[in-house]
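Written below as structure tokens is the structure these notes are about.
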Amino acid sequence: MGRRGEFDLIAQLFAPLSDKHQGLGLTDDAALFVPRAGHTAVLTTDTLVAGIHFLPGDPPGELARKALRVNLSDLAAMGATPRGYLLNLAIQDSATDDWLNGFAAGLAADQHEFDIALLGGDTVRTPGPGVISITAIGEVRVGRALLRSGARVGDDIYVSGTIGDAAAGLRLLTAPNELNPSHAATLIDRYRLPRPRTTLGPALVGLATAAIDVSDGLIADLNHICQTSGVSALVGADLVPLSPAIEAAIADGLLTKLDAFGGGDDYEILFCAPREARDVLNRLAARLALPLTAIGEIGPGSGVQVLDHAGATIRIDHPGHTHF
């Protein structure tokens, strides 16, 4: 990091990202946050550790944006609008000024895109792996947050976008093959730069009965909804939306369709909604230019069952990622 000290680092790179009203320009011990009238605060945090959640060669700007976006995805799944974030950064001793400048530039780009600001945090040095921990703050109208616990028997199960792209992108970065360069670039981009559905989430308030973002894997995260709501889920494997890029990767043997279902890092919104909401959801998908695909149905009982085109149950050995 050259000769730049902690307070110089904060003043030069991070204070310009701060909100002068709530973040106080990073000149005080804590930030101030007041939700708008009739709203409640929604808080979430995620930690990324070098060598576990990101690769040593990941570009610092994209890494910063990913660290922020995985938190914005959590807010979106709750139906919340993002307002700001806190950043805790354990910087490796080997980090260069160019790396830090790129990291800050990535944050600045996403602050502009998502209309948020840095409110505070902490910066330290470490001889070990780098650690990025972000706490995102949003707001939703009182009593209107989307929860995992509201799914009802008979609800349709939907997912936004496509599934498995990030898992394939990670495979490409760790075990390169001869996949078409255009498809490979698409998949790697989806791994490095999630698309938090910050417009979709708030639009689902009043339509969805339960929601979660797909971070651990489609099947694992759907099971979280089932466990919390006390229901079961039936999913048609052929209904799960896949991009042309991942279909090419599956055809090329990079991974299987079941790998895509359990790969995680999709950061799409998985949600349940009553059948009478179908027309409204179709119009919402068209307005947002974002596919919302019905992939199954909520039923009584427990667990997630995946069926093939003939109606036979598919065994899922790896439903998703776990940290322990």
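The values are calculated or read from the model by the stated rules, or taken from the named source; none is laboratory data. The model shown is predicted, which means the values in this text are computed figures rather than measured ones. Counting neighbours? That spans all protein chains shown, and the Cβs are built from the backbone with ideal geometry, glycine included.
Computed quantities for the displayed model
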{"read-out": "Matching residues in region 263-292 - criterion: being assigned to a helix (DSSP H, G or I) and of a type outside the set (A, V, I, L, M)", "value": "R275, E276, R278, D279, N282, R283, R287"}
{"read-out": "First in region 32-43 and touching a residue at least 24 places away in the same chain (Cβ under 8 Å) and part of a strand (DSSP E or B), second anywhere and crowded, with 16+ Cβ neighbours inside 10 Å and of a type in the set (S, T, Y), Cβ under 9 Å, 6 or more apart", "value": "H39/T81; V42/T81; L43/T135"}
{"read-out": "Test: residue in region 238-255 that is under 15 Å from G320 (Cα atoms) and modelled with pLDDT under 95", "value": "yes"}
{"read-out": "Filtered residues of region 304-318 (kept if in a strand (DSSP E or B) and either among the acidic types (D, E) or surrounded by fewer than 20 Cβ atoms within 10 Å (Cβ to Cβ) (or both))", "value": "Q305, L307, T313, I314"}
{"read-out": "Pairs where the first residue, in region 179-197, is outside the structural domain of L75 (by TED's automatic domain parsing) and over 12 Å from S73 (Cα atoms) and the second is not in a helix (DSSP H, G or I) and not aliphatic (A, V, I, L, M), C-beta under 6 Å, 6+ apart", "value": "L179/D252"}
{"read-out": "Residue among L204, L172, L193 that is more than 21 Å from G264 (Cα to Cα) and not acidic (D, E)", "value": "L204"}
{"read-out": "The one condition in (1) in the same structural domain as I298 (by TED's automatic domain parsing); (2) surrounded by 23 or more Cβ atoms within 10 Å (Cβ to Cβ); (3) under 22 Å from G79 (Cβ atoms) that I134 fails to fulfil", "value": "(1)"}
{"read-out": "D213 being in contact with a strand residue (DSSP E or B) (Cβ under 8 Å, 6 or more places away or on another chain) and acidic (D, E)", "value": "yes"}
{"read-out": "Total residues in region 45-73, condition part of a strand (DSSP E or B) and touching a Gly at 6+ places or on another chain (Cβ under 8 Å)", "value": "2"}
{"read-out": "Condition check for G301: under 20 Å from Q227 (Cβ atoms), in contact (Cβ under 8 Å) with a residue 40 or more places away in the chain, touching a strand residue (DSSP E or B) at 6+ places or on another chain (Cβ under 8 Å) and in a strand (DSSP E or B)", "value": "no"}
{"read-out": "Residue match in region 58-77 (condition: outside the structural domain of L270 (by TED's automatic domain parsing) and modelled with pLDDT under 90)", "value": "yes"}
{"read-out": "Selected residue [touching a residue at least 60 places away in the same chain (Cβ under 8 Å), over 30 Å from D279 (Cα atoms) and touching a Leu at 6+ places or on another chain (Cβ under 9 Å)] from T162, T81, T174, T96", "value": "T174"}
{"read-out": "Residue match in region 121-131 (condition: more than 17 Å from the chain's Cα centre (by Cα) and hydrophobic (A, V, I, L, M, F, W, C))", "value": "yes"}
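Per-residue answers, yes or no, for (1) modelled with pLDDT under 95; (2) surrounded by 18 or more Cβ atoms within 10 Å (Cβ to Cβ); (3) assigned by TED's automatic domain parsing to the domain that holds L204; (4) not β-branched (V, I, T):
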residue: M1; (1), (2), (3), (4): yes, no, no, yes
residue: A15; (1), (2), (3), (4): yes, no, no, yes
residue: G23; (1), (2), (3), (4): yes, yes, no, yes
residue: L32; (1), (2), (3), (4): yes, no, no, yes
residue: H53; (1), (2), (3), (4): yes, yes, no, yes
residue: T81; (1), (2), (3), (4): no, yes, no, no
residue: S94; (1), (2), (3), (4): yes, no, no, yes
residue: L100; (1), (2), (3), (4): yes, yes, no, yes
residue: A109; (1), (2), (3), (4): no, no, no, yes
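Rundown of residues vs (1) under 25 Å from V306 (Cβ atoms); (2) of a type in the set (S, T, Y), yes/no style:
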site: I157; (1), (2): yes, no
site: S160; (1), (2): yes, yes
site: L173; (1), (2): no, no
site: L187; (1), (2): yes, no
site: P194; (1), (2): yes, no
site: V205; (1), (2): no, no
site: A210; (1), (2): yes, no
